[in-house]
Amino acid sequence: MTISNSDIQYMNPQIVSDSDGNGGRMSDVEAASGVKNNVWPDVPASERKNGSTKYRKVFIKIANADNLKMVDARLFVDTPTPGADRVVIFAGTQTDTQADVAGVAHDAYGSATLDADIPDQRGAGGATLVLNTENGADAIFRSNGLIRITNKTSPDDLTGTEEFLRISSTPVVWSGSTATIVLRQDAVIENVYAASNTRVSSVIEAGDIFGTTSDWQILSSAGKYGSWNGSGAVPTTLTDLRMVSSIGGCEQTWTLTFSNATTFTCVGDTAGSVGGGTIHADFAPNNPAWSAPYFTLASALFSGTWANGDVLRFKTHPAAFPVWEKRIIPPNTPSLSGNKVIIGISGESE
């Protein structure tokens, strides 16, 4: 099987507000694509008059039943907002909040339009493009960055073309809101694009998206997991384990505490108790929100001699990439009932 569009879910964080606590870990609530106010609330007249800068966090989750990686994932703002406001995005962490990101400099990513048509340039690299952004202060294009050029009507449109190309090391030249970029010599534009229907986006290179583990710890005199006794560097036999469910996995620190040589209980730092198990059977505690396991610990990896009070601890990270949206509304912005922003993702199945 491969990753399909239906496997991609946009998830809300645990707190959605305008407070410092806004954001945090991924919740179990989906921000359904294409639904009004799924991420941003309506803007009252007072806010349009006075202007504002606000933040919202979303997680792009790859909820694949076979735990497949999305390989070489790329995130982008597909289209500038039709209103006089603007939205840029930047990468987050699995746990950061608005208090961590507001007022801090970030590499922002957004969308622009072509200043002029791109003629047929097949076979030639190093093209110079002039791009009209919404505001030069956002500096959404940078040297050596990746861009997406497209004339598709939407990211999942089956017609039209798109290309991902690399900007050269030549500095981006800004004149107000206009950016002049030079592509690398090996970045060849393969199609013809008209300025009237083409967008150019800067791209977050998110890498591979799948559930992972980290911060393994064993507190035991003789117990082992994956042939590791807790001393020295954590082996790749543990860090490379594909044990986190892409559907049920979450950001969590799990602590297994043994009551004797074979039996343990398991507690998550926010999930609380998820029951217990034995070293003689795979342990796969259920995430009730998704009817899927948080993770699966293989019984075959337990070895050595465990004892009462011994601890096995590790962190799980979901198959989701956290991204912040930053919305800037200039003072005296007019209303627009159909205002929207489209965040897209592109990648391959492993």
Tally of residues being surrounded by fewer than 18 Cβ atoms within 10 Å (Cβ to Cβ) and not charged (D, E, K, R) across the stretch 235-261: 10
Failed condition for residue 273, given (1) over 28 Å from residue 9 (Cα atoms); (2) without any contact (Cβ under 8 Å) to a residue 60 or more places away in the chain: (1)
One residue from 84, 73, 32 being closer than 24 Å to residue 181 by Cα, of a type in the set (A, V, I, L, M) and not assigned by TED's automatic domain parsing to the domain that holds residue 296: 73
Test: residue 339 is at pLDDT 95 or above and assigned to a loop (DSSP other than H, G, I, E, B): no
Number of positions in the stretch 167-183 that are out of contact with any strand residue (DSSP E or B) (no Cβ under 6 Å at 6 or more places or on another chain) and not polar (S, T, N, Q): 3
Spans of strands (runs of 3 or more DSSP E) in the stretch 126-180 with at least 1 residues crowded, with 17+ Cβ neighbours inside 10 Å and modelled with pLDDT of 95 or more: 128-132, 146-150, 162-166
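Results for (1) assigned to a helix (DSSP H, G or I); (2) within 26 Å of residue 347 (Cα to Cα); (3) not β-branched (Val, Ile, Thr), shown as yes or no for each residue.
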residue	(1), (2), (3)
3	no, yes, no
10	no, yes, yes
21	no, no, yes
24	no, yes, yes
27	no, yes, yes
32	no, yes, yes
35	no, yes, no
38	no, yes, yes
48	yes, no, yes
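The values are calculated or read from the model by the stated rules, or taken from the named source; none is laboratory data. No experiment lies behind these values; they were computed from the predicted model shown. Please note: Cβ atoms are built from the backbone with ideal geometry, for glycine as well, and neighbour counts cover all protein chains shown.
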